[in-house]
Structures are given as C-alpha cells and as structure tokens.
1. Within the stretch 151-174, which residues are open to solvent by 30 Å² or more (accessible area, probe 1.4 Å) and more than 15 Å from the ligand (Cβ to nearest atom)?
2. Taking the condition surrounded by fewer than 23 Cβ atoms within 10 Å (Cβ to Cβ) and of a type in the set (S, T, N, Q), does residue 312 pass?
3. Could you say whether any residue in the stretch 169-190 is assigned to a strand (DSSP E or B) and among the hydroxyl-bearing types (Ser, Thr, Tyr)?
4. Does any residue in the stretch 118-133 that is free of Cβ contacts under 8 Å to residues at least 24 places away in the same chain come within less than 8 Å, Cβ to Cβ, of a residue that is within 16 Å of the ligand (Cβ to nearest atom) six or more places away or on a different chain, and which pairs are these?
5. Being more than 8 Å from the ligand (Cβ to nearest atom) and within 20 Å of residue 13 (Cβ to Cβ) is the filter here, so list the residues in the stretch 65-90 that pass it.
6. Looking at (1) open to solvent by 30 Å² or more (accessible area, probe 1.4 Å); (2) among the polar types (S, T, N, Q); (3) touching a Pro at 6+ places or on another chain (Cβ under 6 Å), find the lone condition where residue 289 falls short.
7. Kindly check whether there is at least one residue in the stretch 113-133 that is surrounded by 19 or more Cβ atoms within 10 Å (Cβ to Cβ), in contact with an Asp or Glu (Cβ under 9 Å, 6 or more places away or on another chain) and closer than 18 Å to residue 1 by Cβ.
Amino acid sequence: MRVLVTGGAGYIGSVVVEELIGDGHQVVVYDNLYKGHRSAITPGAEFVEADLLDTDRVRQTLRDAYIEAVIHMAADSLVGESVQNPAKYYRSNVIAGLSLLDAMRDTGVRRLVFSSTAATYGEPEKQPIEEDDPTGPTNPYGQTKLAFEGALRWYDQAYKLRYASLRYFNAAGATARCGEWHDPETHIIPIVLQVAANKRPQVEIYGDDYPTRDGTCVRDYIHVVDLARAHILALGILDERSAIYNLGCGGDGYTVNEVVEIAREVTGKTIPVTVGPRRAGDPAVLIASSERIQRELGWSPKFQDLRTIVESAWLWLQNHPDGIE
Ligand SMILES: NC(=O)c1ccc[n+]([C@@H]2O[C@H](COP(=O)([O-])OP(=O)(O)OC[C@H]3O[C@@H](n4cnc5c(N)ncnc54)[C@H](O)[C@@H]3O)[C@@H](O)[C@H]2O)c1
C-alpha cells in the first residue's frame, strides 16, 4: 500500500514507518518537525515537511503520491500543557485533524488509522478498560482526541471514510534505530533511564499512598513495536468497516515503584527516587484491555514483558545518547 504517516518523524510514528517499510509498503511521512526529528525518519520513506493545517499541501501530497491510506499520529500530547493551553490542543488535534480529513475527502482517500488515546476514558469506573466503557476525558488532550473521533464517526457515515481508532496509554521501548526522544520528556520509563544515564539527578514519584499493592500508581505500558504492528494490522479492516480498539497490557499492570525497580535491575544503577505529593487527576490504576483487538484482528503483543520494554529502551539510550544521528 501507499501510506501517508502524519507525525512519522515522532517517537511512535518513526517506528510505524520503520515497520511499514520493512513490510514493503511505500511510505510518505508528513511532519512539520515541530516535535519530531528528520533523522528519525527511516531511509526509504519520502518526506514532506509541512503542517497539517496547510490543507492544500495535504491534498497535493495525497494526490501526487497516490496515497491509499493514512496513519494519523501527528498531535500535541502533553496532558499538563493541554490544561494550561487548550487552544493549542484544539488547533493541533481537532482543526489540523479536520484539515487532513477534508483533504482525504477531496481526494477520495478513504482509509484512516488514528492514534487516539485511552485518556478519552478519563477516570474509569472499572479496570481493565474496555471499548464500550463510558468516555469522559478529564483534560483537553483527551477531549480533543475524542472530538476528532466524533468527526470520524460522521465522516464515515456521510463520506464512507473508514477509520480504526486505537486508544492506548503509555508507549514505551525502542527498536535498534528508533527510540523515545522528547523534549521535554514526561514519560516515566525514559525519565528513569535518563537518571540511570546521569542525565537527571533523580526520579520524582507523585504519591505513594494510593490504594495499590505498593502505594504508587499502576499503569499500562506497551512496546512501541507492538503498537506499530497494531496500527498496520488495523489498515486491513478498512475496506469493510470502521472500529475502535483499545491497546493495553491487561492483567495487573505495573506500579511506578516496579518500573523503577526493573530499571535498576536492567541498568545496574541505583536510580535515586524522591516521593512528592499526588498530582491532581491521577487515577490510582489505569489499564486498558486488548481483548477485542486480539479476538477480532488476531493482534498479539510480542514484547509485553516490562523488562523487555525497559531493556530495549536502555539499549537505545546507550547507543543514541544524543538522539539519532
Ligand atoms: N507516546 C505515548 O505514550 C502515546 C500514548 C497514547 C497516544 N499517543 C498518540 O500517539 C501519537 C504519537 O505520539 P508520540 O509520542 O510519537 O508523539 P511525538 O510528539 O513524538 O510525535 C508527533 C509528531 O507529530 C508532528 N506534528 C505535530 N503537529 C503537527 C502538525 N500540525 N503538522 C505536521 N506534523 C505535526 C511532530 O513534529 C511530531 O513529529 C500522538 O497522536 C499521541 O497523541 C501517544
């Protein structure tokens, strides 16, 4: 297939591109490099440096490259920033998304896989979270992703634009070439590993008095390659139907203390920790169930074990201390 990957210079997008190229697809990356890195784009992919808000450029790219499907990963995705600056999030996650959808409609491209988020569920009533559980985002990040999903539903009905929306929590891990390289970094695994690599003095844990097995929050981590495979797998349903799938580790998840402990074992470093107060709006447990995508699409994660995830991220950081050259 000829696939356009928006945000293909970002963390997850770069791995999706790597996997697509490995499978023999033709790939065009559409990214404004506002967060991503040119060097993260896998050789063999065509690159268009442009903003999704530029609808004419999106339209032209879709036409010129005879694009058959889009994987839409470009977004702003910092929860705290979204609360401070919701306007930015409505612009990048809703308005830029609509620009893409309109360009697709105009050019007859009718297959879209969307990187949504499990933040659409807000503070869930039960764990693990399933697709039919009520949504109720507690921040503009989750709300804007849900708003875009709403548009997808109606574009499907009116214009037959088929979509698969994938909702997940924490992507983690790396391939040999592509890893997590954000500035600022807000995700626990790269932060813990940066401490191990002497790039930060310590890890701050937000609260250790939650009703969990060791008092720290339980979260769901999923290897970036397993995520990328799910995005590619989801392309396969789009000639028939649209769907929403959760991706998560199910089971018991991992506490923040367990993440730090595994990182200590993997790196052999002490990794100092300080315990601060809870953060407002942090639920004790967040785990998504992948049961539906496993049953319907046969998705099967290969790197679910947290140690494997941390080992891959640590190897990447050691080999790329300043990012990808
Ligand atoms: N990282 C996670 O744990 C996680 C979890 C759930 C969902 N997601 C979703 O997955 C997607 C990718 O996440 P990531 O961590 O790889 O993010 P990232 O910031 O590394 O990548 C996003 C990419 O999109 C590009 N971009 C942003 N706005 C753009 C625009 N208007 N036009 C063109 N390019 C633009 C950026 O330059 C960047 O390369 C996002 O949609 C995010 O909401 C991520």
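The values are calculated or read from the model by the stated rules, or taken from the named source; none is laboratory data. Here the structure is a predicted model, which means the values were calculated and not measured. Here Cβ is always computed from backbone atoms with ideal geometry, including for glycine, and neighbour counts include all displayed protein chains. Surface areas here come from the heavy atoms of the whole protein model, side chains and all, with no ligands, DNA or RNA. Shrake-Rupley method; radii C 1.70, N 1.55, O 1.52, S 1.80 Å.
1. 153, 154, 155, 157, 158, 159, 160, 162
2. Against the criterion (surrounded by fewer than 23 Cβ atoms within 10 Å (Cβ to Cβ) and of a type in the set (S, T, N, Q)), residue 312 qualifies.
3. No.
4. As it stands, the answer is 122/135; 122/137; 122/138; 122/142; 133/121; 133/124, since those pairs meet every condition given.
5. Those that are more than 8 Å from the ligand (Cβ to nearest atom) and within 20 Å of residue 13 (Cβ to Cβ): 65, 67, 68, 69, 70, 71, 78, 79, 81, 82, 88, 89.
6. Unmet for residue 289, out of (1) open to solvent by 30 Å² or more (accessible area, probe 1.4 Å); (2) among the polar types (S, T, N, Q); (3) touching a Pro at 6+ places or on another chain (Cβ under 6 Å): (1).
7. yes
Conditions tested, residue by residue: (1) of a type in the set (Lys, Arg); (2) modelled with pLDDT under 95.
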site	(1), (2)
57	yes, no
63	yes, no
67	no, no
73	no, no
79	no, yes
85	no, no
107	no, no
